[in-house]
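Below is one structure; the comments refer to it alone.
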Amino acid sequence: MTAAHGHGGRLASLSHLFRTERFGIVCPRIVQTVRKEKTLGEIIAEARKAKPWSLRQLGEALGKLRPGSKAVSPQFLNDLEQNRRTPSDDMIALLAKVLDLDTDVLRAAAGATPTEVVDYLKTNPEAGTESVARLFRRAREVGFQDWDQVLQVIEKHRPKKR
């Protein structure tokens, strides 16, 4: 057995630890520890396990809230937890309700723009999407976190009721 052949099986069995990225080979376990925000799948899996529910039990709980009371398949839920599928907005709302999670947090983790933001920009085109985007870019750059302070400023500009 040659050295290359002897290590080939071992290296092949370890290949699942690595994936090709734009700038080379990256170990997902290292990426996982560096990344701060959790993926949608991670959030769902953690909340499900905290219940503690199996995928089937989660599917049955979701089914009780769905029209027609049809359970959600464990395969679909596994795909969500593995970030192989993106749920519809209705499914996100059901998951939030069943798992006691914030709908907006799940939507954000799914990469969806909150409906309130979309509605605001549609009804207030003069606000300009670039201005709103610039606001969030700047907040991220400086590490801004006190959104209650922003709400207070907005509340001061609310028209007074007569």
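Given the residues L99, L80, which is the only one that is free of Cβ contacts under 8 Å to residues at least 60 places away in the same chain, touching a Pro at 6+ places or on another chain (Cβ under 8 Å) and under 19 Å from K38 (Cβ atoms)?
Of the residues listed, the single one that is free of Cβ contacts under 8 Å to residues at least 60 places away in the same chain, touching a Pro at 6+ places or on another chain (Cβ under 8 Å) and under 19 Å from K38 (Cβ atoms) is L80.
Look at region 97-112 and say how many of its residues are surrounded by 19 or more Cβ atoms within 10 Å (Cβ to Cβ) and assigned to a helix (DSSP H, G or I).
Here the count works out to 5.
R84 - would you say it is loosely packed, with under 13 Cβ neighbours inside 10 Å, within 27 Å of T113 (Cβ to Cβ) and out of contact with any Gly (no Cβ under 6 Å at 6 or more places or on another chain)?
Yes; evaluated as a whole, the condition is true for this residue.
So E116 passes all but one of these: (1) free of Cβ contacts under 8 Å to residues at least 24 places away in the same chain; (2) in a helix (DSSP H, G or I); (3) within 26 Å of L58 (Cα to Cα). Which condition number does it fail?
(3)
Matching residues to (1) farther than 30 Å from A133 by Cβ; (2) touching a His at 6+ places or on another chain (Cβ under 8 Å); (3) at pLDDT below 95:
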residue: G8; (1), (2), (3): yes, no, yes
residue: R22; (1), (2), (3): no, no, yes
residue: V31; (1), (2), (3): no, no, yes
residue: Q57; (1), (2), (3): yes, no, no
residue: N78; (1), (2), (3): yes, no, no
residue: V105; (1), (2), (3): no, no, yes
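Going residue by residue through region 46-58, is there one that turns out to be under 29 Å from G143 (Cα atoms) and surrounded by 12 or more Cβ atoms within 10 Å (Cβ to Cβ)?
Yes, some residue in region 46-58 is under 29 Å from G143 (Cα atoms) and surrounded by 12 or more Cβ atoms within 10 Å (Cβ to Cβ).
The values are calculated or read from the model by the stated rules, or taken from the named source; none is laboratory data. Quantities reported herein were computed from a predicted structural model and do not represent experimental measurements. Using ideal geometry, Cβ is built from the backbone for each residue, glycine included, and neighbour counts are taken over all protein chains shown.
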